[in-house]
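Everything on this sheet refers to the single structure shown next.
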Amino acid sequence: MGNISYEFQVEKDDFERAGEASSKIKKILRQLGMDSGIIRRVAIGAYEAEINLVIHSLGGIISFSIEPKSITIIAKDSGPGIENVELAMKEGYSTAPERIREMGFGAGMGLPNMKKCSDSFNIESVVGKGTVITMKMMLKDGD
Ligand SMILES: Nc1ncnc2c1ncn2[C@@H]1O[C@H](COP(=O)(O)OP(=O)(O)OP(=O)(O)O)[C@@H](O)[C@H]1O
Ligand SMILES: [Mg+2]
């Protein structure tokens, strides 16, 4: 069987549909009968990445692929990029304005959670260009 991959467009400020891509990803993994532990990790990573695209980016794409031994999620956006990635990765760091915090976001936990959920995590960001986050979750026998 070849790799299965999907792409979801995520629009800036689209709170109505925020979480849709990660829900679809979760559903696909459930239909494939994957283990609940790996589904949970993938769903959290994808959700945090998706919400960040809605809140912090100009919009982007979440792609997701199932390989024989792993699942890869890539979130790629078209800006504005992150000035200080090391700072952005710190637990509790957030630039979310009050309006966003009132909606329950902005704890500054999304990026640290993405890293925790992944077996390998990479973030590349260029100010004025955009951010690419790659998360890989390894499958175990029985997943
Ligand atoms: N795709 C992105 N584009 C630009 N800036 C981003 C992006 N993702 C994260 N950031 C920056 O990194 C900060 C930390 O992100 P993180 O997801 O950890 O926290 P948050 O989104 O602010 O709050 P939470 O995820 O807990 O709701 C954000 O506040 C924002 O400044
Ligand atoms: Mg976040």
Subset of segment 96-138, residues more than 11 Å from ligand 2 (Cβ to nearest atom), of a type in the set (Gly, Ala, Ser) and in contact with a Phe, Trp or Tyr (Cβ under 9 Å, 6 or more places away or on another chain), comes to none
- [ ] Determine if segment 45-58 includes at least one residue that is within 21 Å of Ala107 (Cα to Cα), assigned to a strand (DSSP E or B), among the small types (Gly, Ala, Ser) and within 16 Å of ligand 1 (Cβ to nearest atom).
- [x] no
The residue from Ser125, Ser118 that alone is more than 22 Å from Gly19 (Cα to Cα) and surrounded by 18 or more Cβ atoms within 10 Å (Cβ to Cβ) is Ser125
Restricting segment 20-41 to residues that are under 27 Å from Gly130 (Cα atoms) and touching a helix residue (DSSP H, G or I) at 6+ places or on another chain (Cβ under 6 Å), the one surrounded by the fewest Cβ atoms within 10 Å (Cβ to Cβ) turns out to be Lys26
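Looking at Glu102, Glu83, Glu48, which is the one that is closer than 23 Å to Tyr6 by Cβ, among the charged types (D, E, K, R) and modelled with pLDDT of 95 or more?
Only one candidate qualifies: Glu48.
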Residue hits (segment 89-115; surrounded by 13 or more Cβ atoms within 10 Å (Cβ to Cβ), without any contact (Cβ under 8 Å) to a residue 24 or more places away in the chain and outside any loop (DSSP other than H, G, I, E, B)) are Pro112
The lone condition Glu91 fails out of (1) of a type in the set (D, E, K, R); (2) within 11 Å of ligand 1 (Cβ to nearest atom); (3) in contact with an Asp or Glu (Cβ under 8 Å, 6 or more places away or on another chain) is (3)
By residue number, the members of segment 97-126 that are within 9 Å of ligand 1 (Cβ to nearest atom) and under 21 Å from Arg41 (Cβ atoms) are Phe105, Ala107, Gly108, Met109, Gly110, Leu111, Pro112, Asn113, Met114, Ile123
Within segment 53-81, residues buried (at least 21 other Cβ atoms within 10 Å of the Cβ), of a type in the set (A, V, I, L, M, F, W, C) and within 16 Å of ligand 2 (Cβ to nearest atom) come out as Leu53, Val54, Ile62, Ile73, Ala75
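The values are calculated or read from the model by the stated rules, or taken from the named source; none is laboratory data. In this text, all values refer to a predicted model and were calculated from it rather than measured experimentally. As a convention, Cβ positions derive from the backbone with ideal geometry for all residues, glycine included, and neighbour counts pool all protein chains shown.
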